[in-house]
Amino acid sequence: MTKRSAVLAGIAGLFLAGGAVARAAEAMVTHTDAEWRKLLPPESYEVLRHEATERAFSSPLDEETRAGTYACAGCDLSLYSSKTKFDSGTGWPSFWAPLPHAVTTRSDASEPMLGIRTAVQCRRCDGHLGHVFDDGPKPTGLRYCMNGVALRFRPGKAA
Ligand SMILES: [Zn+2]
């Protein structure tokens, strides 16, 4: 190995190590079901860990209009900015876009009467947040229909 290629290999090694550190920093937040039950209020536990749906118009966050950030009630990851919140009239806090790298989605066939829906989870703790529909406003046309008990509002500068 020449000196130059050794240096290059060393630099490549540093980049790889840096990538591993970045991935570790983004590690999932995981708990057993029993731990989640202890950590969360009962209604948040049922939604986040067992995909329950809160009663429409039951969450104070539905009518929240202040600037701020909506974080995951399970792991505190920032999920939505108040800038993307809108009044969908459904009785659930609704947003037209999540923050970057905040949520994941998966196909949900658990309620045959409602057809195949797209469930939305927190990227970091995989907690169930709600569903996303394609009848939202511009600019995305999406409606992220969220359970308020799965969110924690932090008033302040919008993310
Ligand atoms: Zn989370």
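The values are calculated or read from the model by the stated rules, or taken from the named source; none is laboratory data. Just so it is clear, the structure is predicted and the values come from calculations on it, not from any experiment. Every residue, glycine among them, receives a Cβ derived from its backbone with ideal geometry; neighbour counts consider all protein chains shown.
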- [ ] Can you run down the residue pairs with Cβ atoms below 8 Å, 6 or more apart or on separate chains, where the first is in region 95-107 and under 17 Å from Lys85 (Cα atoms) and the partner is modelled with pLDDT of 95 or more and loosely packed, with under 11 Cβ neighbours inside 10 Å?
- [x] Trp96/Lys138; Trp96/Pro139
Task: Answer from Thr65, Thr32, Thr84, Thr53 - the residue that is within 16 Å of the ligand (Cβ to nearest atom) and not small (Gly, Ala, Ser) - done: Thr32
Open item on the list: For region 71-94, give me the residue count where each residue is touching a Ser or Thr at 6+ places or on another chain (Cβ under 8 Å) and without any contact (Cβ under 8 Å) to a residue 40 or more places away in the chain.
Closed with: 3
Open item on the list: Looking only at strands (runs of 3 or more DSSP E) that lie completely in region 33-133, which have at least 2 residues being surrounded by fewer than 15 Cβ atoms within 10 Å (Cβ to Cβ)?
Closed with: 103-108
- [ ] Please identify the pairs in which a residue from region 120-135 that is closer than 13 Å to Pro98 by Cα and assigned by TED's automatic domain parsing to the domain that holds Ala109 has its Cβ atom under 6 Å from the Cβ atom of a residue that is near the ligand (Cβ under 7 Å from one of its atoms) and part of a loop (DSSP other than H, G, I, E, B), counting only partners at least 6 apart or on another chain.
- [x] Cys122/Leu77
